[in-house]
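Some notes on the structure that comes next.
The values are calculated or read from the model by the stated rules, or taken from the named source; none is laboratory data. These figures come from a predicted structure and were not determined experimentally. Don't worry about glycine lacking a Cβ; one is built from the backbone with ideal geometry, like all the others, and counts go over all protein chains shown. Only protein heavy atoms, including side chains, enter the accessible area calculation; ligands, DNA and RNA are left aside. Shrake-Rupley method; radii C 1.70, N 1.55, O 1.52, S 1.80 Å.
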Amino acid sequence: MKKLNRRDFVRTTAVAGMAAAAPRRLFGQGPTVITPKTVRPAVVASANGNQYKNGGPATCVETAFAMITGGSDVLDALIAGVSIVELDPEDSSVGYGGLPNAEGVVQLDSCCMHGPKKRAGGVAAIEGVRTPAKVAQLVADTTDHHLLVGRGAQDFARAMGFKIEDDLNTEKSRNLWLEWKRRTDPEHYLDPKKRAEAWYETGLQLVRDGLIDPEHYWGTINCDGINFKGELCGVTTTSGLAWKIPGRVGDSPILGAGLYVDGEIGAAGSTGRGEANLYNLCSFFIVEEMRRGASPKDAGMAALKRVQRNTIEKRLLNGRGQPNFGLNFYILNAKGEYAGVSMYGSTYSVCTEKGPQTLDTEPLLQGRPTD
Ligand code: ASP
């Protein structure tokens, strides 16, 4: 499959934009709408947004940006982008092939928000559907509800025509689960305290042994975008925390935690330790900080500082008394300005008219979480 270079990419998106605009001009249907082009379109996402292509020609952020500049609805474009990552078996933190829960079952979480339409939808702990973000979008578009969970979410997806599969594990994710099981539970029983310690330590050991990418022990994709008209949307989708207790729901499908969008102000989404984000509802907090005039970066840093202040349990602190986990926010305001911030150094992805880029986030703390 041909790889798009930057020049091709800009040309393709420009052509797509002209194609989308053409029918109205050619056939003269309705009055000509002159839209003030005050906003530079942009797509901002977690680092995996510019990494996985599922065998296709483009990453999530490239695909979403090309669709946005081609005239697609912003949320449709973002969902098409994250679907690439959900379907790619190589990303073990999202959708198909995501690391399973403690019983070896892949349970997925997602939510999305449409700024201009002021609609939101989410699914949590859904099994058997590879693309939960699309189900979340249908919850927003076709129901009066904002969040469906577990069996109910699956039944809804089935009714909407989604294929329900028995098992979303890939050989890779199943083998990693077997390895985790073998290491944590060699005799099927440990005293509860030791078992809890072994649970956490074994996961980190699998990361240290190079079996799991450190970015994907926790891992998720959040993707936010804005078009020329300033229309803002966002989506977050994940397989959640590896080896979680069955039924555990993280921050990703919760409005205000894994994602929040206010069409007039901005969008924020998250990856990393979901419990820390759930406790502080950071995406909502970040959007509210921007409402008060903060820049995307300052709003994100304020949320990280609040998380740090609220992290006092010893088991969550490293030797320096700082949080021992990663937490990242991807932020886009209604002017198209963006930032990626994180508890410790990390990366995020962006696509603008300059093409796709992977950039360093602004860290709150130096070093690594476990130092
Ligand atoms: N935030 C997700 C969760 O806690 C996981 C992640 O982003 O790494 O479920």
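Which of the residues belonging to segment 84-118 are of a type in the set (S, T, N, Q) and open to solvent by 10 Å² or more (accessible area, probe 1.4 Å)? Before you say what the answer is, go through the steps one by one.
Of the residues in segment 84-118, the ones of a type in the set (S, T, N, Q) are 92-93, 101, 107, 110.
Hits for segment 84-118 are 92, 107.
Working only within segment 61-92, note down all residues that are among the charged types (D, E, K, R) and not in a helix (DSSP H, G or I). Let's see the steps before the verdict.
First, the residues of segment 61-92 that are among the charged types (D, E, K, R): 62, 73, 76, 86, 88, 90-91.
The answer is 73, 88, 90, 91.
Suppose we keep only residues that are in a helix (DSSP H, G or I) and among the aliphatic types (A, V, I, L, M) within segment 128-151. Which one would you say is nearest to residue 116 (Cα to Cα)? Don't jump to the end; show me each part of the working.
The initial filter retains those residues of segment 128-151 that are in a helix (DSSP H, G or I), namely 132-142, 150-151.
This time we only want the ones that are among the aliphatic types (A, V, I, L, M), so: 133, 135-136, 138-140.
Details: 133: 19, 135: 20, 136: 17, 138: 16, 139: 17, 140: 13 Å.
That would be 140.
Here is a list of conditions, (1) closer than 17 Å to residue 278 by Cα; (2) at pLDDT 95 or above; (3) within 16 Å of the ligand (Cβ to nearest atom), and residue 241 meets all of them except one; can you say which number that is?
Unmet for residue 241, out of (1) closer than 17 Å to residue 278 by Cα; (2) at pLDDT 95 or above; (3) within 16 Å of the ligand (Cβ to nearest atom): (2).
Kindly indicate the residue of segment 153-167 that is outside any loop (DSSP other than H, G, I, E, B) and of a type in the set (A, V, I, L, M) and also farthest from residue 109 (Cα to Cα) among those meeting that condition. Break it down into steps so the answer makes sense when it comes.
Of segment 153-167, the ones outside any loop (DSSP other than H, G, I, E, B) are 153-159.
Next cut, of a type in the set (A, V, I, L, M) only: 153, 157, 159.
Details: 153: 10, 157: 13, 159: 19 Å.
Result: 159.
Return the residues of segment 292-320 that are more than 16 Å from the ligand (Cβ to nearest atom), open to solvent by less than 80 Å² (accessible area, probe 1.4 Å) and closer than 14 Å to residue 344 by Cα; say none if nothing qualifies.
301, 308, 317, 318
Could you count how many residues in segment 345-360 are open to solvent by 10 Å² or more (accessible area, probe 1.4 Å) and either part of a loop (DSSP other than H, G, I, E, B) or of a type in the set (S, T, N, Q) (or both)? It would help to see each step written out before you state the result.
Of all residues in segment 345-360, those open to solvent by 10 Å² or more (accessible area, probe 1.4 Å) come to 345-348, 353-354, 356-360.
If we keep only those that are either part of a loop (DSSP other than H, G, I, E, B) or of a type in the set (S, T, N, Q) (or both) too, we end up with 345-347, 353-354, 357-358.
Selection size over segment 345-360: 7.
Regarding segment 327-342, can at least one residue be identified that is outside any strand (DSSP E or B), within 16 Å of the ligand (Cβ to nearest atom), crowded, with 24+ Cβ neighbours inside 10 Å and not acidic (Asp, Glu)? Before the answer, list the steps.
First, pick out the residues of segment 327-342 that are outside any strand (DSSP E or B): 334-337.
Now drop any that are not within 16 Å of the ligand (Cβ to nearest atom), which leaves none.
There is no residue in segment 327-342 that is outside any strand (DSSP E or B), within 16 Å of the ligand (Cβ to nearest atom), crowded, with 24+ Cβ neighbours inside 10 Å and not acidic (Asp, Glu).
Can you say whether residue 236 is at pLDDT 95 or above, within 16 Å of the ligand (Cβ to nearest atom) and hydroxyl-bearing (Ser, Thr, Tyr), as far as the supplied structure shows? Show your work before the answer.
Working: at pLDDT 95 or above: yes; within 16 Å of the ligand (Cβ to nearest atom): yes; hydroxyl-bearing (Ser, Thr, Tyr): yes.
For residue 236, the condition - at pLDDT 95 or above, within 16 Å of the ligand (Cβ to nearest atom) and hydroxyl-bearing (Ser, Thr, Tyr) - is met.
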